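First up is the structure itself, then whatever we jot down about it.
Please treat every number below as a calculation from the coordinates, not as lab data. This is a predicted model, so every value here is computed, not measured. Here the Cβ positions follow ideal geometry from the backbone for every residue, glycine too, while neighbour counts run over all protein chains shown.
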Amino acid sequence: MAAIKKDEELLAEVYRNAHYALQSIADILPETEDEALKEELKKMHEGYEHISGKAAQCARERGLELKEPGPIKKAMMWSSIKMNTMKDDSRAHIAEMMTQGTVMGITALTRSIGDSRDGADREILSIAEDLLHMEEDYEERLKAYL
């Protein structure tokens, strides 16, 4: 039973991480004037959508329910992004904001994967590791815009 709970928590972390990223990108895209960075953000959005879909499908197959971030959390994220970009909407600042979010995601995922590694459902672990590698790649790619 404990292994199932760990699997569910890991899958929930993947889904939550992907949804926070999708929400952040959706909130920041309208504030982004740099075309190259805009394209990078759109590619990132596609990657997070793919992982989110894999996590949702995996949850459905196991009869698990995944929750999206609530409206208050979404509103807080939106207002934070709007306030931050109002002060500075430069390409470097937007890349820095996205990098900070990505690093937070990497940290949370690394911890969750470490907690779940022993006896974890292989498919769930694979999805989590895919997201982790994707975020590490995004962090590297965002550095070009700093």
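Across region 92-99, computed HN-Hα scalar couplings (Karplus, 6.51 cos²θ - 1.76 cosθ + 1.60, θ = phi - 60°) run 5, 5, 5, 4, 5, 4, 5, 5 Hz from first to last residue, x flagging Gly and Pro. Between the Cα long axis of helix 71-87 and the first principal axis of the chain there is an angle of about 30°, rounded to the nearest 10.
Placing +1 at every Lys and Arg Cβ and -1 at every Asp and Glu Cβ, with all other atoms neutral, what dipole size does the chain have around its Cα centre, in debye to the nearest 20?
Working: 20 positive and 30 negative charges, 89 e Å.
In debye, rounded to 20, the chain gives about 420.
Sorting 126-139, 40-53 by their mean Cβ neighbour count within 10 Å, with the most densely packed peptide first, gives 126-139, 40-53. Full extension of the chain between residue 38 and residue 5 yields a length gain of 8.1 nm, computed as 0.36 nm times the residue separation minus the alpha carbon distance. Over the residues of the chain, the helix contribution to mean residue ellipticity at 222 nm works out to -28500 deg cm²/dmol, using -39500 (n - 2.57) for each DSSP H run of at least 4. Which residues among region 19-38 fall inside the zone where the amide N is under 13 Å from a point 7 Å beyond the Cα of residue 144, along Cα→Cβ? Within reach of a label on residue 144, which here means backbone N under 13 Å from a point 7 Å along Cα→Cβ, region 19-38 contributes 35-38.
Specify the angular offset, from 0 to 90 degrees and rounded to the nearest 10, of the alpha carbon long axis of helix 2-28 from the longest principal axis of the alpha carbons in the chain. Helix 2-28 sits roughly 20 degrees off the main axis of the chain.
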